[in-house]
Amino acid sequence: MDVVLLIGRVLFVLLFFHSAIGHLTKTTPMAGYAGSQGIPFPWLAVFGSGLLQLLGGALVLLGLWPDVGALLLAVFLLPTAVLMHPFWKREDEEARQGDQLHFLKDVALAGAALMLFALFAHAGDDLGLTASGPLFDLG
């Protein structure tokens, strides 16, 4: 079971590491898009969200306070879904469908991150193949 959980953690964070690299290496062009969506301080928002994804993903992957890492990823995903993918505002049908898909993806991943948070916080030190136990105790 420990190996399955480790494989799941690896697969789960791949998306966040890939996205974090983009946020941290293409900050200026991504900030242009974020600014067009009405995000205040778009450069800082893009760079900060890249760091949030990198830190959250690393904590989950390494099992170092993995509950905190999962919570950080949920904190990134929910505002991103609402602020960056407001499909309900789009008049163009193709743009609406694209944003709706990204919105639902972010919401679903946030749900998965919250489930991971609860799993890590409930299982405590019984989770194998982690560098530390959780910070929170829901057991």
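The values are calculated or read from the model by the stated rules, or taken from the named source; none is laboratory data. This one's a predicted model, so the numbers in the text were calculated from it and none came from an experiment. Ideal geometry is used to build each Cβ from the backbone, glycine not excepted, and the neighbour counts take in all protein chains shown.
Assorted remarks:
- Subset of the range 33-80 that is of a type in the set (V, I, T) and buried (at least 17 other Cβ atoms within 10 Å of the Cβ) - its residue that is nearest to the chain's Cα centre (by Cα): T80
- Test: L64 is in contact (Cβ under 8 Å) with a residue 12 or more places away in the chain, part of a loop (DSSP other than H, G, I, E, B), closer than 17 Å to F120 by Cα and not hydroxyl-bearing (S, T, Y): yes
- Taken over the range 11-32, the residue count meeting the criterion of being under 21 Å from A123 (Cβ atoms) and surrounded by 12 or more Cβ atoms within 10 Å (Cβ to Cβ) is 2.
- Residue match in the range 107-122 (condition: surrounded by fewer than 18 Cβ atoms within 10 Å (Cβ to Cβ), more than 20 Å from F12 (Cα to Cα), within 15 Å of the chain's Cα centre (by Cα) and among the β-branched types (V, I, T)): no
Here's the yes/no breakdown for (1) of a type in the set (G, A, S); (2) assigned to a helix (DSSP H, G or I); (3) at pLDDT below 95:
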site: V3; (1), (2), (3): no, yes, yes
site: H18; (1), (2), (3): no, yes, no
site: G22; (1), (2), (3): yes, yes, no
site: S49; (1), (2), (3): yes, yes, no
site: L52; (1), (2), (3): no, yes, no
site: G56; (1), (2), (3): yes, yes, no
site: V60; (1), (2), (3): no, yes, no
site: L77; (1), (2), (3): no, yes, no
site: T80; (1), (2), (3): no, yes, no
